[in-house]
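Peer 1: Take a look at this one; I'll ask things after.
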Amino acid sequence: ADGIVVSNHGGRQLDGVLSTARALPAIADAVKGDITLLADSGVRTGLDVVRMLALGADTVLLGRAWLYALATDGQAGVANLLDLIEKEMRVAMTLTGARTIADITRDLLVRA
């Protein structure tokens, strides 16, 4: 395999399963560097993208957000969505001191 997608499909299929965010760190620790790790489920904002990257994802999938944007306003809607995601990511990165995507690490997260 070239990659692994960590996703619980929003938990719709199995109530009570771990969220992607909870499952991701252990999976990242097990495979980081050996295989591309993609994260999906519950990603609605640029802050969510930053969180998934901090938890170990190499790439973050937007699930159905792009579909809603496409249905609402076609290509312009998707372009607007991607612009919003980028702006939200930049704000989150600025507030956490991350200057580049590579600077987004678990150290940026508050631990319970």
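Peer 1: When a/c reaches 1.5 or more, the comparison of a/b and b/c decides; with that in mind, is the stretch 58-108 rounded, prolate or oblate per its Cα gyration tensor?
Peer 2: On the way: a/c = 3.66, a/b = 2.26, b/c = 1.62.
Cα axes put the stretch 58-108 in the prolate bin.
Peer 1: Read phi for every residue in the stretch 103-109 and hand back ³J(HN,Hα) as whole Hz from Karplus 6.51 cos²θ - 1.76 cosθ + 1.60, θ = phi - 60°, with x for Gly and Pro.
Peer 2: Karplus values, whole Hz, x for Gly and Pro: 7, 7, 10, 4, 4, 7, 8.
Peer 1: Keeping the other protein chains in place, figure out the carbon and sulfur percent of the accessible area of the chain, with a 1.4 Å probe.
Peer 2: On the way: 4170 of 7280 Å².
On the chain, the fraction of accessible area on carbon and sulfur atoms equals 57 percent.
Peer 1: Related question: Work out the length of the dipole vector of the chain about its Cα centre, built from +1 on the beta-carbon of each Lys and Arg and -1 on the beta-carbon of each Asp and Glu, and round it to the nearest 20 debye.
Peer 2: Value, rounded to 20: 280 debye.
Peer 1: Please go through the stretch 1-100 and write out the trypsin sites (Lys or Arg not before Pro) that DSSP classes as loop and that have at most 15 other C-beta atoms within 10 Å. Don't jump to the answer; show the numbers that get you there.
Peer 2: Working: sites: Arg12, Arg22, Lys32, Arg44, Arg51, Arg64, Lys87, Arg90, Arg99; in loops: Arg12, Lys32, Arg44, Arg64, Arg99.
Within the stretch 1-100, the qualifying trypsin sites (Lys or Arg not before Pro) (loop, at most 15 other Cβ atoms within 10 Å) are Arg12, Lys32, Arg44, Arg64, Arg99.
Peer 1: Under 12 Å from the Cβ of Ile85, count the other residues' Cβ atoms, weight Lys and Arg +1, Asp and Glu -1, and hand me the total. Let's see the in-between values first.
Peer 2: On the way: positive: Arg44, Lys87, Arg90; negative: Asp48, Asp83, Glu86, Glu88.
Residues near Ile85 contribute -1 overall.
Peer 1: Using 1/(1 + (r/R0)^6) with R0 = 35 angstrom and r between the beta carbons of Thr94 and Thr36, what's the FRET efficiency to the nearest 0.05? Don't skip to the answer; put the middle values down first.
Peer 2: Details: r = 27 Å, r/R0 = 0.77.
That pair, Thr94 with Thr36, gives E of 0.85.
Peer 1: Calculate the length of the line joining the C-alpha centroid of the stretch 68-95 to that of the stretch 23-44, in whole Å.
Peer 2: Value for the Cα centre distance between the two parts: 23 Å.
Peer 1: Sticking with this one: Given contacts defined as C-alpha pairs under 8 Å and at least six residues apart, what's the relative contact order of the chain, whole-number percent? Numbers along the way, then the final one.
Peer 2: On the way: 147 pairs, mean separation 26.5, N = 112.
Relative contact order for the chain comes out at 24 percent.
Peer 1: Please calculate how many Å² of accessible area the stretch 1-92 carries per residue, with a 1.4 Å probe and no DNA, RNA or ligand atoms counted. Intermediate values should be presented prior to the final figure.
Peer 2: Details: 5540 Å² over 92 residues.
Accessible area per residue, the stretch 1-92: 60 Å².
Peer 1: OK, next. Determine the calculated [θ] at 222 nm for the chain from helices alone, applying -39500 (n - 2.57) to every DSSP H run no shorter than 4 residues and normalising by the residue count; nearest 500 deg cm²/dmol. Please report the intermediate quantities before stating the final value.
Peer 2: Details: 3 runs with 53 residues, N = 112.
Only helices count here, giving -16000 deg cm²/dmol.
Peer 1: Tell me, what HN-Hα J-couplings in whole Hz come from the Karplus equation 6.51 cos²θ - 1.76 cosθ + 1.60 at θ = phi - 60° for each residue of the stretch 38-44, using x for Gly and Pro?
Peer 2: Karplus values, whole Hz, x for Gly and Pro: 10, 10, 8, 5, x, 8, 10.
Peer 1: Ordered by residue, what ³J(HN,Hα) values in Hz, to whole numbers, does the stretch 79-93 give under the Karplus form 6.51 cos²θ - 1.76 cosθ + 1.60, where θ = phi - 60° and Gly and Pro are x?
Peer 2: For the stretch 79-93, the Karplus curve yields 4, 5, 4, 5, 5, 4, 4, 4, 4, 5, 5, 4, 5, 4, 5 Hz.
The values are calculated or read from the model by the stated rules, or taken from the named source; none is laboratory data. As the structure is a prediction and not an experimental result, all values here were calculated from the model. Counting neighbours? That spans all protein chains shown, and the Cβs are built from the backbone with ideal geometry, glycine included. Surface areas here come from the heavy atoms of the whole protein model, side chains and all, with no ligands, DNA or RNA. Shrake-Rupley method; radii C 1.70, N 1.55, O 1.52, S 1.80 Å.
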